[in-house]
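Notes to accompany the following structure.
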Amino acid sequence: MNPLKSITGTIISGFVLAVIIIFLLGTAGTVNPWEFWVWMHVLVGITWIGLLYYFNFVQVPAVGQALAEADSGGPGAAAINKYVAPRALLWFRWAALATWITGALALEAMHTGEGSGVVAAFTLAEGYKAIGMGAWLGTIMLFNVWVLIWPNQKKILGMVEASAEQIAGAKTVALMASRTNTLLSIPMLLGMTAQGHGMPF
């Protein structure tokens, strides 16, 4: 049976390969919860931000083009809005939440002093300023996903009843929240990388 024929098989195989690589490279001899949670955080974070970029760079322009060409015999946006968008939004919103939770767990695991790593990050304590800035921006982005983007996308996709006027308003709110998250993702990712590698200059 080829594991690459299913997404579940592919993901399980990826984890099996990662564990094999860990043993080939040499284990540390002890459990390293910081690395584990950072690894999980990066995996789900890539899913979240990858879908955010997909929506902004691919789906929104594609739907706009499909709508523009619908009157001249084009297929319209129905297939994207019916089959692709709901599935992408499911992964998008839950990956956002998983990213925040694994980030909080990584902050706790990296914290060696008294108190909480989450508190140290959100109060921008010494040694936590870069990652704290990233945590704040990630929290704002999570809020935008669940409070602004998802409820409005449900109106746009016809998952909840809404008038034409409400749908038009929902399109604006969802687009602006999504574009805000795209903007915030750039310094947020800087915060994540700068914590371990320092600022670019």
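Here are the numbers for this structure:
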| item | result |
| --- | --- |
| From the options Gly50, Gly74, Gly64, residue that is assigned to a loop (DSSP other than H, G, I, E, B), free of Cβ contacts under 8 Å to residues at least 40 places away in the same chain and not β-branched (Val, Ile, Thr) | Gly74 |
| Extreme residue, nearest to the chain's Cα centre (by Cα), among residues of region 101-129 that are crowded, with 20+ Cβ neighbours inside 10 Å and over 19 Å from Ile46 (Cα atoms) | Ala121 |
| Yes/no for Gly113 being in the same structural domain as Trp39 (by TED's automatic domain parsing), at pLDDT below 95 and within 28 Å of Glu35 (Cβ to Cβ) | yes |
| Residue check, Ala98 more than 26 Å from Leu43 (Cβ to Cβ), free of Cβ contacts under 8 Å to residues at least 60 places away in the same chain and surrounded by fewer than 20 Cβ atoms within 10 Å (Cβ to Cβ) | no |
| Any pair with Cβ under 6 angstrom, 6 or more apart, that starts in region 15-38 at a residue that is touching a residue at least 12 places away in the same chain (Cβ under 8 Å) and ends at one that is of a type outside the set (Asp, Glu) and in a helix (DSSP H, G or I) | Pro33/Ala109; Trp34/Ala109; Trp34/Met110; Trp37/Thr102; Trp37/Leu105; Trp37/Ala106; Trp37/Ala109; Val38/Ala106 |
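The values are calculated or read from the model by the stated rules, or taken from the named source; none is laboratory data. Predicted, not measured: the structure shown is a model, and the values here were computed from it. Note that we place each Cβ from the backbone using ideal geometry, even for glycine, and neighbour counts take in every protein chain shown.
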